[in-house]
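Any read-out appearing in this document is the output of simple, stated calculations on the displayed coordinates, not a laboratory observation. For clarity, every value in this text was computed on a predicted model and none was experimentally measured. FYI the Cβ positions are ideal-geometry reconstructions off the backbone, even for glycines, and counts take in every protein chain you see.
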Amino acid sequence: MFLSTVTLISTPIAEANGLTATPTTTARVAPSSTTTLSGLSIAGATGTVRATLSTDRGTLQITSTGGLTLGYGNNWSGTASITFSGSQSDINAGLASARLTVPAGDATANVSLTAMPDEAAYNYLPSNQHFYEYVAAPNITWSSAQVAALGRTYRGQSGYLAAVVSAEINSFLASKIQNADNVWFGLRAHQSAPGNVYNGTAYARVWRVPSGPAAGTVGAVCSNLDGACTFVDQANYFSSWASGEPNNSGLTENSAVTNWGGSVGNWNDLPNSANGIAGYIVEYGGQQNSDSSLGTGFAGIVTASTAITVAAAASAPAAPVVSGSAGDESISLSWNPPANGGAEITGYEVSIDGGSWTSIATTSSSDTVDGNLVTTVSATIGNLSNGVDYDVRIRAVNSAGSGAASNTISATPIGLADAPTSVVANGGNASASVAFVAPADDGGAAITGYTVTASPGGANASCAASPCTVSGLTNGTTYTFTVTATNAVGTGPASTPSNAVTPATTPGAPTGVSATEGDTEATVSFTAPASTGGRAITGYTVTAQPGGAQTACAASPCDVTGLTNGTTYTFTVAAINVVGTGPASNPSNAITPHTTPGAPESVVVTRGDQQVSVSFDAPVSDGGGAITGYSISVQPGDRTVPCAASPCDVTGLTNGTSYSVTVVAVNDMGAGSPSAPVSATPATVPDAPTAVEAVRTDAGSTVTFVAPAANGDAITGYTVTAQPGGTETPCAASPCDVTGLTNGTTYTFTVTATNGVGTGPASTPSSDVVPAGVPGAPFDVTASRGNGSATIAFTEPNSNGDAVTGYTVTAQPGGAQTPCAASPCDVTGLTNGTTYTFTVTATNGVGTGPASTPSNTVVPATVPGAPTGVSAVRGNAQATVSFTAPAPNGAAVSGYNVTVQPGGRTIACSASPCVIDGLTNGTAYTFTVAATNGVGTGPASQPSSAVTPATVADAPMNAVAVAGDRQATISFDAPATNGGSPITGYVVTASCGNALCPLADISSSFIEAAEGTECDSSPCIIDGLVNGTSYTFEVVAVNAVGSSAASAPTEAVVPAGAPSAPMTPTVRQIAGGVTVSWAAPLDVNGSPVTGYVVSGGGQTCETDAQTTSCTFEGLSLGTVFTVVAQNAAGESAAVTATPETPTGTLPSTGSDTTGSIVAMAFASVVLGAALLMQARRRRNDVAC
């Protein structure tokens, strides 16, 4: 990849295509001094490298020149720029010896180093970073040099003739470019607007730069046309004309040359063609590079620059006066900036206790004191040790070095003590004892005491050392404690909080103690004490009297066991927490324990309808208290029935449910133990069945019903009774099949249920039923086909006791079924073309009977569908119609009918495509198609898209050609008919009889003339013809079908134009006047010259074609004469005659020079003809 030219200010390295340049590191030099430039180098070079070292202030010198080649016009010393080449190592040795000499006065010297591959032909000017190339081209014309320069490129930049717009560039071209003598550069005279307009005024001659970034820049403004230039405003533009120049000698000198005749840096004006020219100078730069990423730079060239300050050397700063104070592990300093010694102070350094000097960070602030702006510099020295004495000094630094040291600041940092550690608390009664370890760091001052703070509440205590006791706390509240240490500076940070403690004492006495007796036990209830003592109560102790037995429990009530029934007891209660056991409560009420009765005996249970009767004997033991009654329990249902004495009835039970019955005796202690359980199940006969229904069968009936409630005992069976007749049929469950009935007789049925108790009531009778069988099979089945359908006829079968309600016809294959009421039946939904048979079944109220014998076979069919995809392609009075065959719908398609619209004509054809003849060209037609099979003709298709039959148009008529200058205009009439399709254009073809047409040029106009020119309508203009050649033309009409026959050829025409200007006209002085002579024009342009007209000095001379001179009396060589040639097509351009020089070197009419020019022109034509002959032989009759 190529990189652009790089200019760096205080930037270390420039790089392009691997080649790098490093600028000088010298940043400051003294005025009126010579300094060696440090750090200059190149790297990454392969082969020979060219380097240019330059400065915009002072001069340069390189002393180590071994292996180096000095550029043309350069010197090793005393110049602002030195260009040299060599290997990378030799160049770097030379750069290491480079020295800069600057004059007096403070300033900036911009020193640049440019490096590139060595290309001696290209000369670099550092001030504008442009390159200049001398191109040797002996006696080249200025205009040819201009074209050649614009066509040259260097490293992506296009060239242009060098623009000499400054004295520096002029000197550079004169002294630094070898062989640059007698060379063209970029400056040209203008004698007409707009080029000769300067500051709004038109002058006789204005010289301007013709191309490049400086295009239009003025090099001279002359108020006179000839003779030494009378300069206008010369001080406002650069020029370096030789004395007496520019003088426009002979009124033909409009091009600028420099170093003319070895006159270094001096310019001369010469004609466009001049002898003695050595070549021209091309400039590159200031334009967009072809690689847009390079901007206006050059590929592969690097430039690195440094701006060097030119100023007297500075001295180190003075010593600052510093004040300071100690802080916590730090010392704070402040001072006013000292005298800077002539260079800006860039920083400050600090020394501690006489140690090494190191940079220190500072801040600055400004304030106005007594009307003066005072700046204060501040700094803080941190990370010091508290309690240690320090000596500190400060000094300032500038580009000259470090200044003198300040006064010494002595200070001892001190700070707060650290926090105490290992804080441990122990709770007491409304107090706590707090122990801790003294801080590891006392901050540089002795600790004078400690403060312990409780949280919550903030209660505190002061003490001289660990431990500290904190009083006034609230029992039951959880506290933590922090400790701080105090020294002369103040109180330090608090410690980490201690463990949590809760002050406390024992609980108070419970209240409201009461006791309830039980069987050898008592339940003791109480209220918790008003005071817990500050800690949670963990339990209680109940003490019984007499005996003193104690029972522990977590909370009220407490169960006290192990008592003696019949003994009277009282109880006290005491509460316990982590501190201990509190005082006992007042005694409870007195109670005497006893128990419940024993279980009743000989229990007997007798079942009934929804009830049982229970009898029993009293228990052996009443538990020490009189029996007050009994309680009977029934499960399931969890029912309890009180009973005063045996026997007791328990009602409201559910028949069929097995119940378990127990009995307990009750005294004042409650219910005693239950008796052993006895089971019984209440029950009665079943209910009547419900929802009795009967469904007839053949000579029978099927009877269904809903089973009734069994009423406590499982149903063992059912009995169905038929009426009339009273026939009974037993069955285990619904349904019951009753047989032996008479078809056609109406029956009803009742049902009864039986269980272990007996038979229940009969059900409500069923609805009437009449037994019957399915019908027989239909017979004589016949079928006839339809469109996707068939009609089926048959004879009805025996109904078998129940009227036939309908028939079902089944088609095979497929099994599709069609219901119908009676014969015949229409079966639809069949597939045309498929062979079918049919069977028929009959259905009555009982069901569907057997299928009939299959019918005869039939094949459904209908007319074909409509063809699709109908399209038409036009022809000449015909069309070809294509389509896609339709579905045949069960019968093969036998043919097609195509209907033409307009007209409605129908044409039969066997298959697609169908050719339809007899159509009219130019008429739009559409077509429909219908298919025919054995059933008939199907529907017509959708119409095709419209087509219009057509053929090519007739030939155009009455073609006429009119000749012009290198062209002809062809007019013609449109064809008699367009063949049925609109004409889209015409093609005109040129012909030169049986011979090849003479060659014109390779332009598109010529190719069109040779191969045919397209045009929309008459007339057509044919360009690119050869004047003087006889042409005829034919015209072809084009429509969508193609091209017509050609028209009759036009009459022959010969294009022609005005002749070229007469050649080399001259004026020769004769006695009493002058003679103007000339040569015939080089090109008569297709029509012979008929004469000439010469004008000058107010006189006119007209001659015939053979006379090529005129004599004018009384006129001199200073008179301006013009000569014009005439032919049938017009007049040539006027040409000015040139006065003969005294030496008579101008060629005469008909001289060898003229012959050479004619011969060269003829040779060019012949060469061009040879190059294009092959291309032009495509058609002998149309080549032009």
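Just a few scattered comments:
- In this calculation the C-beta distance from Gln812 to Ser767 is compared with R0 = 41 Å, giving a FRET efficiency of 0.50.
- Pairwise label distance in nanometres, Thr380 with Asp737, each label 7 Å out on the Cα-Cβ vector: 11.3
- Annotation: extensible slack from Ser910 through Ala43 equals 302.9 nm (criterion: 0.36 nm per residue apart, minus Cα-Cα distance).
- Once exposed loop GluC sites (Glu not before Pro) are cut out (DSSP; at most 11 other Cβ, 10 Å), longest piece of the chain: 345-1050
- Ranked list, fewest to most other Cβ atoms within 10 Å of each Cβ, for Asp713, Asp106, Asp442: Asp106, Asp713, Asp442
- Order of Ser855, Ser127, Ser158 - criterion: other Cβ atoms within 10 Å of each residue's Cβ, fewest first: Ser127, Ser158, Ser855
- Of all DSSP bridge pairs formed entirely within the chain, close to 95 percent run antiparallel.
- Label-point separation, Ala228 to Asp965 (7 Å along Cα→Cβ), nm: 4.6
- Shown here: mean projected area of the Cα convex hull in nm², derived from the displayed model; of the candidates (i) 117.0; (ii) 59.5; (iii) 62.9, it corresponds to (i).
- Per-pair calculated FRET efficiency, R0 = 60 Å: Thr469 and Thr592 via Cβ, rounded to 0.05: 0.65
- Gyration tensor (alpha-carbon) shape descriptor, region 315-411, a/c threshold 1.5: oblate
- Residue exposure proxy: Met669, Met116, Met1063, Met957, ordered by other Cβ atoms within 10 angstrom of their Cβ from fewest to most, comes out as Met957, Met669, Met1063, Met116.
- Counted residue by residue at 0.36 nm each, then reduced by the alpha carbon distance between them, the extension gain from Ser359 to Arg28 reaches 116.8 nm.
- Taken along the Cα-to-beta-carbon direction at a fixed 7 Å, the label points for Thr880 and Gln901 span 2.5 nm.
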